[in-house]
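Q: One structure follows; several queries about it will come next.
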Amino acid sequence: MPEITWEEPFCAEGANCFRIGTDDDGNAYIAVAGEEDLYLTDSREALRTLIRDIKAGKADHLLQG
């Protein structure tokens, strides 16, 4: 298992908390807080792109319901 440095959890209403982490090899990780052993991983650049796209509203259609 890689050595991941996790940030403090990002929490929405209720208990919807996620954590973002990085390692020394340039990888980024996203996990549900408390379940950090089950993570999604990609490059730091991919994480930057994901965050920029979310901020730009490119995922807003997922929130409609």
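Q: Under 6 Å by Cβ, and 6 or more places apart or on different chains, what pairs join a residue from the stretch 24-50 that is over 14 Å from Phe10 (Cβ atoms) with one that is in a loop (DSSP other than H, G, I, E, B)?
A: If the second residue must be in a loop (DSSP other than H, G, I, E, B), the pairs left are Arg44/Gly26.
Q: Turning to a different aspect of this structure: Working carefully through the options Ala33, Ala59, find the one that is among the small types (Gly, Ala, Ser) and touching an Asp or Glu at 6+ places or on another chain (Cβ under 8 Å).
A: So the residue among Ala33, Ala59 that is among the small types (Gly, Ala, Ser) and touching an Asp or Glu at 6+ places or on another chain (Cβ under 8 Å) is Ala59.
Rule-based calculations on the coordinates, nothing more; no lab input. Keep in mind it's a predicted model, so treat the numbers as computed, not measured. Reconstructed Cβ throughout: ideal geometry from the backbone, glycine too, with neighbour counts over all protein chains shown.
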